[in-house]
Amino acid sequence: MLSKQDKQAIQAAYSEFLAGRELRARYGQKLMVAAIARSLGAIEQDASGERDSSKTDGEHICVVEAGTGTGKTVAYLLAAIPLAQAQDKKLVISTATVALQEQIIHKDLPEVARHSGLKFDFSLAKGRGRYLCLSKLDQLLAEFSGSGVGTSMGLYEDELPKVDETGAQLYRDMAESLASGRWDGDRDNWPDTIEVADWSRVTTDHRQCSGRRCPHVGNCSFFRARENLGKTQVIVANHDLLLADLALGGGAILPPPEETIYVLDEAHHLPDKALNHFSHHSRVGASTGWLDQANKNLGQMLGEIGDGAELDRHGEELPGLLASAKQSLEQMWPLLEETCEFEDERGNTVRHRFEGGVVPEALMHLAETLRDDFDELEAVLGKMVQAAQKLLEDPHSPVPAVDLERWYPLLGSWYGRAEANLQLWANYARPDARDALPQARWVTLVDWGGSFDFEVCSSPILAGKTLEYSLWRRCYGAVLTSATLTALGRFDRFRMRAGTPDNATYEVVPSPFDFSRATLQVPASAVDAGNADQHTDAVIAALPELLGDRGGALVLFSSRRQMETVYESLPGTWRNRIQMQGQRSRQQLLEIHRETVDGGGASVLFGLASFAEGLDLPGDYCRHVVIAKLPFAVPDDPIEAALAEWVEARGGNPFMQITVPDAAVRLVQACGRLLRTERDEGTVTLLDRRVVTRRYGRAMLDSLPPFRRDIN
């Protein structure tokens, strides 16, 4: 139960913040503060200071859908910070986008610290890959010192192109900026955009990093930032970093879950991001090339870091293991060609999905062989990594430290690739347990240097169970929030995908917006989008009449083909006012759009699904949102297709249980582009007659905000 002292602390902080900012309390915001306070304040500790799991069974999780304009960031900060301090826990705020991460760290937290009376420190957490590796930079510069142009060590030939003079100068500039203190090694703080390939050469991951054994650790940007996290009360991270930390067991980068209260903003993204982290994939051709390249580099490696003991002994086992794995992978290529069908009726290359996740017997048998090959390879490489770590720590090592530092990242990279292949082929080598959720398994044709490669993939169909065991059961407490967590008025969809407990707190708090300032209309001219050509013709005919000659509008499409067809079919004078996704970068499109509207003109944005979420166009920048068709997903995603199979096999209706709720969420997000402030007004037009004529249409309309309606 929330103590009187904690309640007073939260109320005082909220009142002081409102007064300091000269704001009025928002009803939905007050409800959200209260819901979070009740949930987190009721957590009881055991003798060791951890959450007493015998007293709470899901009640430590609070799920809040907070409508646009609620002020949810301020609500969760003012509720969670005092309770985290009172219970001596870290507060980790995780979000899905860089934009919100930066807003929280640069705007929201400083304002709360300045106006609430709360005393706390905060910092931004990033993964290792956002920071420069000094060891790798030194190696590159050592190569450049002779000729001025490096060869990228010749060790990553299957991954990165060679470094040209422009790239070499970039690395010299980095070293100079570091030495002068103008740069801290954080990629995001470099003044210019750094290409992915250029950055990949000078960053690292946990497999390639020698950690505290590295001679550069005292000046390492990542470890400096990580040390600061240990002293910080409030940490701002992102979902990818959080999931990566959980995959490493929790507590590897962020504080351990048992000592942490999490606030997961934009929580509707968490299930999909979790699936990405828990999936496995490997490219057959690229992996074959890597094994061959590793065998070629092995002699040079052992010649430079051979220790006459463990490294050499294990290294002698590698040629046979690398050759065996390569031979097995070479057998996989013709088997996939024989087993999989990669062309549809129109000749487009597509992926091949194994129905029900069931892999053909011949493929399963070869996967067993590959599992065994990579199991042995991973074990030996793991022993070599451990041996190299011991040598790095040994002040009397027989191997020069400079040579160990040069080769350790590559050895770690081999180990990581062997581990990834082991996980994938182990997944393909065994059928799913009878009562377990099935895996989605598929093969995709991908471009590979002008030719093609097979990318073999597997993924859980739902992330809920994994999140339940790795996060919800372990964490001290958690708050999940977003503007779109319900579907068709219920939390069932989110609970299934995210695995949150049934007896967690689930709340919907209202937006302060007056939705009667906007109209939702379905014109009489709207046609059933099931007839694609007829619907496209109707959209082309409707747009000039719907959109005025001043201000901004947003037209959202579910299909790039339809968007481009509509664009090309409109009169030239109309095309001049349209900014279409794909013509320029998103930022450039928005800048042109705003400049046009600011100048008194008319500008129309044409966009796809990514424009239906996260786009903030207040006031005149968006007075009209046109939704071409109900946003049903294109049925080609292998994970969603496998999920639908599973639902149907259990006697369910995939369309009503998955497709319609998913589309309803996307429709709410699309409509949410219209009203961005309490003063906004305008129109949402839906050009799809199915919302009126189909049984599910009424439920989708009822899930939308209470706009005025003009439905013909």
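List of remarks:
- Only one entry in ALA426, ALA436, ALA379 is open to solvent by less than 40 Å² (accessible area, probe 1.4 Å) and either in a helix (DSSP H, G or I) or on the phi < 0 side of the Ramachandran plot (or both), namely ALA426.
- Any hit, the range 252-273, residues being of a type outside the set (S, T, N, Q), in a loop (DSSP other than H, G, I, E, B) and surrounded by fewer than 16 Cβ atoms within 10 Å (Cβ to Cβ): yes
- Members of the range 1-18 found to be out of contact with any Gly (no Cβ under 8 Å at 6 or more places or on another chain), in contact (Cβ under 8 Å) with a residue 60 or more places away in the chain and open to solvent by 50 Å² or more (accessible area, probe 1.4 Å), listed by number: GLN5
- Contact map, the range 559-571: first residue among the aliphatic types (A, V, I, L, M), second residue open to solvent by 30 Å² or more (accessible area, probe 1.4 Å), Cβ cut-off under 8 Å, separation 6 or more or different chains; pairs are MET563/GLN581; VAL566/ILE540; LEU570/ILE540; LEU570/PRO544.
For every residue, the table says whether it meets (1) at pLDDT 95 or above; (2) open to solvent by 50 Å² or more (accessible area, probe 1.4 Å); (3) among the small types (Gly, Ala, Ser).
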| site | (1), (2), (3) |
| --- | --- |
| PRO571 | no, yes, no |
| SER603 | yes, no, yes |
| PRO638 | no, no, no |
| ARG650 | no, yes, no |
| VAL660 | yes, no, no |
| GLN669 | yes, no, no |
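- Qualifying residue in the range 467-474 (condition: assigned to a helix (DSSP H, G or I) and either of a type in the set (S, T, N, Q) or open to solvent by 50 Å² or more (accessible area, probe 1.4 Å) (or both)): yes
- Single residue of the range 169-209 satisfying the filter (closer than 30 Å to GLY382 by Cα and among the small types (Gly, Ala, Ser)) that is least open to solvent (accessible area, probe 1.4 Å): GLY185
- Looking only at residues of the range 298-307 that are surrounded by fewer than 19 Cβ atoms within 10 Å (Cβ to Cβ) and assigned to a helix (DSSP H, G or I), we find that the one that is farthest from the chain's Cα centre (by Cα) is GLY303.
- The residues in the range 40-72 that are more than 25 Å from GLU678 (Cα to Cα), touching a residue at least 12 places away in the same chain (Cβ under 8 Å) and among the hydrophobic types (A, V, I, L, M, F, W, C) can be counted, and the count is 5.
- Selection status of LEU40, surrounded by 15 or more Cβ atoms within 10 Å (Cβ to Cβ) and in a helix (DSSP H, G or I): yes
- Residue satisfying condition, being basic (Lys, Arg) and free of Cβ contacts under 8 Å to residues at least 60 places away in the same chain, within set ARG673, ARG650: ARG650
- When the range 364-402 is filtered for residues that are among the charged types (D, E, K, R) and farther than 18 Å from HIS314 by Cα, the ones remaining, listed by number, are GLU368, ARG371, GLU393, ASP394.
The values are calculated or read from the model by the stated rules, or taken from the named source; none is laboratory data. Since this is a predicted model, take the numbers as computed values, not measurements. Ideal geometry is used to build each Cβ from the backbone, glycine not excepted, and the neighbour counts take in all protein chains shown. Accessible surface is based on the protein model in full, side chains and every heavy atom, while ligands, DNA and RNA are left aside. Shrake-Rupley method; radii C 1.70, N 1.55, O 1.52, S 1.80 Å.
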